[in-house]
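A.B. asks: I have a structure here, written as structure tokens, and I will follow up with some questions on it.
Read the figures in this text as sums done on the coordinates, not as results from a lab. A quick note: this is a predicted structure, and the numbers were derived from the prediction, not measured. Cβ coordinates were reconstructed from backbone atoms using ideal geometry, including for glycine residues, and neighbour counts include every protein chain displayed.
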Amino acid sequence: MIKRVFLIGNPNVGKSVVFSRLTGVQVISSNYPGTTVEITKGYLKLGDEKIEVIDLPGTYSLEPSSKAEEVAVNLLRESLPGESAVINIIDATNLERNLFLTLQLIEQGYPLIICLNMCDDTEHRGIHIDFKKLEELLGVAVIPTCAVTGVGVKFLLERLKEIKPLVENKLTHEGRWQRIGAIVDSAQKLTHRHHSFREMLEDATIRPLSGLFISIAVVYASFKMVRFIGEGLISRIFDPFFFNYYQPLVERVSSVLAPGSFLHHLVVGELINGKIDFKQSMGVLTTAPYIEFAMVLPYIIAFYFVLSILEDIGYLPRLAILLDNLLHRLGLHGFAIIPVLLGFGCNVPGILATRTLESKRERFIATTLISIGVPCVPLQAMIFGLLGSFSGFYVGGVYLVLFSIVIITGILLNYFIKGYSPELLLEIPPYRFPPIATLAQKLFFRIKGFIFEAVPIVLLGVALINLMLYFHLFDFVTGIFAPVIQGLFGLPKDAVVALVIGFLRKDVAVGMLIPLGLSAKQFFIAATLLAISFPCVATFVVIWKELGLKELLKATAIMIGASLIVGTLLNFGILH
Amino acid sequence: MKENQKGKVLEIAGGNSIENKFMSMGIYPGREITKLSHFALRGPVTIKTGRSVLALGHGMAAKIILEVE
């Protein structure tokens, strides 16, 4: 009896969507090759049996060429015969290329059924597939599906029972393509269609001149949209809620606890001019929820909304082509832009996404650059909220400094690290327009992730900070680092605490700068340093797990070095 | 080779691993491919093979030896 089902297929054919449909477990899916870099497991019920379903990263063949592909192929190889089955997911709009892996799987003797996905997208592209014929030619069950809407997935389950391995001769690569040619010729009919508007757009975005203009427009529009949605949510929903409904509630808590008491210090924090100030009080029930819900969450929603649209339409690989040249100077290739963009949301998924890069050298460079120069949404939201009130000039300045650091560090790393980086080889997917419900689901999933992961840490963190401040436990650390902070960076010595807290959460760290009454320049330096220096603890752990302790220490040394240099330069050199 | 020009792959002038990688993505001797665009300063090249559009680094594209029609 089957106990385990592997989902395998080329990159970007919708494996994760099928997985979510089969198991009900939500995973992130997008329209670019390499969305899935981790193995996700879930369960489905077939009759009375409980079957484990494993979503594997996409691969073009059983000879892996990146870390993510290797993981997929190895796991499949280790599977026990007789207990596991394979669902090979195929993109119906690109039958020919997908069949290469299918034939390899059949030749290896894996018990297999084929899920012919994206069947809804074939008609208007002039593709007609005779799936009965395909089934006959391949000798395995072929089930047409459209996983995004759920069509056909039920049949997939029914046919799962009759799965059995075939015995086939192994073909050479050329022989395999010949056989595919014969299969495709008889099972697929193409009718000529005029170029649609979508195809013209697909074309325009991969040509140098038009592509450049479109990319500038897209990036500009995305940025504007994130700000518009983020600010809109803050001023229309979150701020009114906190000031009109939440404030009276905590004021009552404050009067019950009596200002000055230990518990009041912990829960409500300091009163500013006799009142609760959500930005400055630093209490577990005041500043902590205000930072997370009214300053950061709106931007999380806005950022992931815009990112999800770009991901699902399939624009990101096109950006990769345009940036390939620049990224080559940094020892990376164009595809590295995708981990970088994900890193802007949170460095952790960004660093995980570097698994799609081929070599260890590239992964180290990309990881270091992300953790040094890519500020996450929580940090950016706080910079916008606080530094933005001084002037937009400083906000732009932070980005300019970070961008320069990424470029300089990248060039240096590329020069000094041995080895070479492989070149870009990337499939450019067609544009697709996912149903709104799919988009909403993904957005909701990401927001939920943020709330469950960030909020407990922030509440605990603020409690911890208050305890340490109350018992003067920071004085020791402040004493040690004060000369550096004061002498080199021109910051007050209390900023040490904020920089140390940056290891815990970047947003709380910026929040801790507020009561210090910094000048615009000091604030600018402190915010930039928070971005460059030590990554937060979650990022730290991920780098350790992904690259090992040695590389983590190397990356950390680079970050500390860069912080010292940049902090000093900003203080003495550029800004006077 | 100019934009929108077609050509037949003669050979892949590279190591085994790159040959395999190309092979699995649908670039192999005898296959007809179309060049779509290229980017300045030894930038990437985009090609079409079958129904897939691929972007390749300049050096990688140079490894595909074509017979231009």
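A.B. asks: Between helix A:360-373 and chain A, what is the angle of the helix's C-alpha long axis to the longest principal axis, kept within 0 to 90° and rounded to the nearest 10?
C.D. replies: Taking the Cα atoms of chain A, the angle to A:360-373 is about 40 degrees.
A.B. asks: Can you list the aspartates and glutamates whose alpha carbon is less than 14 Å from that of B:K63, not counting same-chain residues fewer than 8 positions off?
C.D. replies: A:E423, B:E11, B:E19
A.B. asks: Moving to a separate point now. So the label point goes 7 Å from the Cα of A:Q441 along Cα→C-beta, right? Which residues of region A:152-180 then have their backbone N under 14 Å from it?
C.D. replies: Once the point is set 7 Å along Cα→Cβ of A:Q441, A:152-154 turn out to lie under 14 Å by backbone N, inside region A:152-180.
A.B. asks: Hey, another quick one. B:L66's amide H: which non-local residues (gap 5+, or another chain) put their own amide H closer than 5 Å, with H modeled 1.01 Å from N in plane and none for Pro or chain starts?
C.D. replies: B:L10
A.B. asks: So for the pair A:K164, A:A520, with labels modelled 7 Å out along Cα→Cβ, what separation do we get in nm?
C.D. replies: Each label point lies 7 Å from its Cα, and together they span 7.8 nm.
A.B. asks: Let me ask something additional. Please list the non-local residues whose amide H lies under 5 Å from the amide H of A:V53, H modeled 1.01 Å from N, same-chain partners needing a gap of 5 or more.
C.D. replies: For A:V53, whose amide H was placed from the backbone, the distant partners under 5 Å are A:V5, A:G42, A:Y43, A:L44.
A.B. asks: Sticking with this one: How large is the direction-averaged shadow of the alpha-carbon convex hull of region A:114-181, in nm²?
C.D. replies: 5.7 nm²
A.B. asks: Give me a comma-separated list of calculated 3J(HN,Hα) values for region A:141-149, in order, Karplus coefficients 6.51, -1.76, 1.60 applied at θ = phi - 60°, integers in Hz, x for any Gly or Pro.
C.D. replies: 5, 10, 10, x, 9, 9, 5, 4, 9
A.B. asks: Residues with amide H under 5 Å of B:Q5's amide H, sequence separation 5 or more or different chain, H placed in the peptide plane at 1.01 Å from N; which?
C.D. replies: HN-HN under 5 Å from B:Q5: B:K35.
A.B. asks: Fewest to most neighbouring Cβ within 10 Å: what's the order for A:M118, A:M225?
C.D. replies: In order of increasing Cβ crowding within 10 Å: A:M225, A:M118.
A.B. asks: Considering the Cα trace of region A:4-190, what is its radius of gyration and what is Dmax, both in angstroms?
C.D. replies: In Å, with Rg to one decimal and Dmax whole: 15.2, 44.
A.B. asks: Still on this structure: Between A:F503 and A:S391, what FRET efficiency comes out of the Förster formula 1/(1 + (r/R0)^6) with R0 = 35 Å and r the beta carbon distance, rounded to 0.05?
C.D. replies: Once the sixth-power term is evaluated, E becomes 0.75.
A.B. asks: Past 30 Å, Cα to Cα: identify those pairs from A:K448/A:K550; A:K67/A:K170; A:K164/A:K448; A:K3/A:K360, in the order given.
C.D. replies: The pairs that break the limit, which is 30 Å between Cα atoms, are A:K448/A:K550; A:K164/A:K448; A:K3/A:K360.
A.B. asks: Could you give the length gained by full extension between A:S210 and A:I451, i.e. 0.36 nm per residue of separation minus their alpha carbon distance, to one decimal place?
C.D. replies: Numbers: separation 241, 0.36 × 241 = 86.76 nm, distance 3.97 nm.
Extending this stretch completely gives an extra 82.8 nm.
A.B. asks: Over region A:485-576, calculate the relative contact order: mean separation of alpha carbon pairs under 8 Å at least 6 apart, over the residue count, as a percent. List each step's numbers first, then the result.
C.D. replies: On the way: 79 pairs, mean separation 29.8, N = 92.
With pairs under 8 Å counted, the relative contact order is 32 percent.
A.B. asks: Exposure proxy check: B:M23, A:M382 ranked by fewest other beta carbons within 10 Å?
C.D. replies: Taking fewest neighbouring Cβ atoms as first place, the list is B:M23, A:M382.
A.B. asks: Expressed as a fraction of 2.2 N^0.38 Å, the rule-of-thumb size for a compact globular protein of N residues, what is the C-alpha radius of gyration of the protein assembly as shown?
C.D. replies: 1.05
A.B. asks: Kindly provide the helix-only [θ] at 222 nm of chain B, computed as the sum of -39,500 (n - 2.57) over DSSP H runs of four or more divided by all residues, to the nearest 500 deg cm²/dmol?
C.D. replies: Dividing the helical sum by the residues of chain B leaves -5500 deg cm²/dmol.
A.B. asks: So, one more: Per 0.36 nm of contour for each residue apart, how much would the distance between A:R198 and A:V218 grow if the chain were fully extended, relative to their Cα-Cα spacing?
C.D. replies: Contour length minus Cα-Cα distance gives 5.6 nm.
A.B. asks: While we're looking at this one, here's another question. Using a cut-off of 14 Å between alpha-carbon atoms, which aspartates and glutamates can reach B:K2, once sequence neighbours fewer than 8 places away in the same chain are excluded?
C.D. replies: Excluding near neighbours in sequence, the set is B:E67, B:E69.
A.B. asks: Around A:E551, what is the net charge, scoring Lys/Arg as +1 and Asp/Glu as -1 over all other residues with Cβ under 13 Å from its Cβ?
C.D. replies: +4
A.B. asks: Using the Karplus curve 6.51 cos²θ - 1.76 cosθ + 1.60 with θ = phi - 60°, what ³J(HN,Hα) values do you get for each residue of region A:303-317, in whole Hz, with x for Gly and Pro?
C.D. replies: After applying 6.51 cos²θ - 1.76 cosθ + 1.60, I find 5, 6, 4, 5, 4, 4, 4, 4, 4, 6, 5, x, 7, 4, x Hz.
A.B. asks: Once both axes come from the Cα atoms, what is the angle between helix A:436-470 and the longest principal axis of chain A, in degrees from 0 to 90, rounded to 10?
C.D. replies: 30 degrees
A.B. asks: I want the local charge near B:P44. Using Cβ-Cβ distances under 15 Å, sum +1 for each Lys or Arg and -1 for each Asp or Glu among the other residues.
C.D. replies: +3
A.B. asks: Separate question: Distance between Cα centroids, region A:454-529 to region A:275-335: provide it in whole Å.
C.D. replies: Rounded to whole Å, the Cα centres lie 22 Å apart.
A.B. asks: Pick out, from A:F403, A:N10, A:S66, the residue whose Cα sits farthest towards the positive end of the charge dipole of the protein assembly as shown, with +1 on the Cβ of Lys and Arg and -1 on the Cβ of Asp and Glu.
C.D. replies: Comparing the listed Cα positions along the dipole, A:F403 ranks first.
A.B. asks: Quick one: net charge of A:G232's neighbours, Cβ under 13 Å, K/R +1, D/E -1?
C.D. replies: +1
A.B. asks: Taking just the alpha-carbon atoms of region A:425-526, what radius of gyration and Dmax come out, in angstrom?
C.D. replies: When restricted to the Cα atoms of region A:425-526, Rg and Dmax are 20.2, 60 Å.
A.B. asks: Restricting to the protein assembly as shown, what percent of DSSP beta bridges are antiparallel, rounded to 5? Walk me through the numbers on the way to the answer.
C.D. replies: Working: 35 of 54 bridges.
In the protein assembly as shown, approximately 65 percent of DSSP beta bridges are antiparallel ones.
A.B. asks: Quick one: B:Y28, A:Y110, A:Y420, fewest Cβ neighbours within 10 Å first, how do they rank?
C.D. replies: Result, fewest neighbours first: A:Y420, B:Y28, A:Y110.
A.B. asks: Measure nothing fancy, just the Cα-based angle from helix A:208-233's long axis to the longest principal axis of chain A, in degrees from 0 to 90, nearest 10.
C.D. replies: Helix A:208-233 sits at roughly 50 degrees to that axis.
A.B. asks: Each residue of region A:120-128 in turn: what ³J(HN,Hα) in whole Hz from Karplus with 6.51, -1.76, 1.60 and θ = phi - 60°, glycine and Pro shown as x?
C.D. replies: Each residue's phi maps through the Karplus curve to give 6, 9, 7, 3, 6, 9, x, 10, 10 Hz.
A.B. asks: Oh, and also: Just the Cα atoms of region A:268-365: what Rg and Dmax do they give in Å?
C.D. replies: Reported Rg and Dmax, both Å: 19.3, 58.
A.B. asks: Would you calculate, for chain A, the mean residue ellipticity at 222 nm contributed by helices, counting each DSSP H stretch of 4 or more residues as -39,500 (n - 2.57) and dividing by all residues, to the nearest 500? Could you put the intermediate results ahead of the total?
C.D. replies: On the way: 24 runs with 314 residues, N = 576.
Calculated at 222 nm, the ellipticity per residue is -17500 deg cm²/dmol.
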